[in-house]
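Below you'll find the structure, written out as structure tokens, and then a few comments.
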């Protein structure tokens, strides 16, 4: 006795649909990918904020160093200076309005009277955590 097999796909018939197992598996993979990507968002935001803070600190320090390099060398202050800036980097007079503060310290160089070192520390907010320090050398161009 001969048995005949029925083919799985018949010619001329409609294609088969996805099974429930395939749909659930695809949804699981898709959900895992989306949740993984959403988990990276806080890290990206934190990294962008840190980069923005560093760029602002560099701009503030470079601007202050440039300003002092244009001043008369003999008129550079001896005492430390504190400056305050808003979130856009514009100078403000009131510490309460400040987003960034800069502390500037001048030190005479023992090797040459025509050289001063400037240490600028830029801090965001009132916490010293995350402050950035920049060092510059100013020389006397007048002699």
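Every number in this text was worked out from the coordinates using simple rules, so none of it is lab data. Everything quoted here is computed from the prediction, not taken from an experiment. No Cβ is skipped: glycine too gets one built from the backbone with ideal geometry, and neighbour counts run over all protein chains shown.
On full extension, the segment bounded by residue 91 and residue 133 gains 13.3 nm, given 0.36 nm per residue less the C-alpha separation. For a test of the definition: using alpha carbon positions, the gyration tensor, and the 1.5 limit on a/c, classify the chain as rounded, prolate or oblate. The shape class here is prolate. Of 62, 94, the sequence from fewest to most neighbouring Cβ atoms within 10 angstrom is 94, 62. Quick check: the angle from helix 20-70's long axis to the longest principal axis of the chain, C-alpha only, nearest 10 degrees? Its long axis makes an angle of about 10 degrees. Using a simple spin-label model with pseudo-atoms 7 Å out from Cα toward Cβ, residue 17 and residue 75 lie 8.5 nm apart.
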